[in-house]
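The structure appears below as structure tokens.
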């Protein structure tokens with residue numbers, strides 16, 4: 001499981017779980033400047049291993065890809081298998097580091113706009129069992145991702161939250177599309193995430 005990388009913390013969108021991963025995620029260098037945050041990388045997998053340098057050399061990574069910004073080149077999502085398996089076992093949404101494609105390489109997504117909030121050094125929570133990649137009419141018909149998060153409070157009904165993400169230049173924009181009782185029908189779930197609509201994601205395991 002990956003460890004925090006520095007002493008800088010920031011707010012994570014999901015507040016229903018408190019773990020080392022999502023309460024202490026930080027930038028990998030206190031010397032980052034605006035230009036270095038946008039530095040291109042040619043190999044996202046190698047860059048991920050450099051960022052999370054505390055991971056064992058033989059740690060298996062999980063990668064999946066899709067074209068978020070409709071430029072004909074896939075964005076890349078990466079996590080480590082230990083963290084992914086632990087999240088799945090604990091019924092929480094896995095977190096991914098996103099690399100946005102550019103004409104000559106990739107840029108690590110370090111910023112997410114969430115309404116008036118701006119989050120830095122973000123890990124994105126995406127449930128691969130409930131994800132849609134394609135045009136989202138509620139996001140100005142831009143191409144992006146729709147995914148669902150299920151919260152199970154100790155008291156009361158479960159809560160389903162449908163999130164949408166689109167790429168704006170070199171940052172990510174997040175909008176909560178719907179919050180509902182997942183035991184009841186929901187138009188957005190039917191539109192994007194029901195059988196036959198959601199995207200089948202091919203996860204690739206990468207060994208050292």
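Annotations for the structure displayed:
Conditions tested, residue by residue: (1) under 28 Å from residue 117 (Cα atoms); (2) in contact with a strand residue (DSSP E or B) (Cβ under 9 Å, 6 or more places away or on another chain).
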| residue | (1), (2) |
| --- | --- |
| 131 | yes, yes |
| 140 | yes, yes |
| 159 | yes, yes |
| 172 | yes, yes |
| 194 | no, no |
| 199 | no, yes |
| 207 | no, yes |
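- Selected residue (criterion: nearest to residue 75 (Cα to Cα)) from residues of region 109-125 that are part of a strand (DSSP E or B) and under 12 Å from the mean Cα position of the chain (by Cα): 124
- Every residue from region 89-110 that is over 14 Å from residue 144 (Cα atoms) and out of contact with any helix residue (DSSP H, G or I) (no Cβ under 8 Å at 6 or more places or on another chain): 89, 90, 91, 92, 96, 102, 103, 104, 105, 107, 109
- Matching strands (runs of 3 or more DSSP E) fully within region 126-208 where at least 3 residues are within 14 Å of the chain's Cα centre (by Cα) and either modelled with pLDDT under 95 or buried (at least 17 other Cβ atoms within 10 Å of the Cβ) (or both): 131-136, 142-151, 159-168, 171-180
- Boolean, residue 166 is closer than 18 Å to residue 74 by Cα and touching a helix residue (DSSP H, G or I) at 6+ places or on another chain (Cβ under 8 Å): yes
- Of all residues making up region 33-52, the number that are in a loop (DSSP other than H, G, I, E, B) and either within 14 Å of residue 106 (Cα to Cα) or modelled with pLDDT of 90 or more (or both): 5
The values are calculated or read from the model by the stated rules, or taken from the named source; none is laboratory data. Computed from a predicted structure; not experimentally measured. Reconstructed Cβ throughout: ideal geometry from the backbone, glycine too, with neighbour counts over all protein chains shown.
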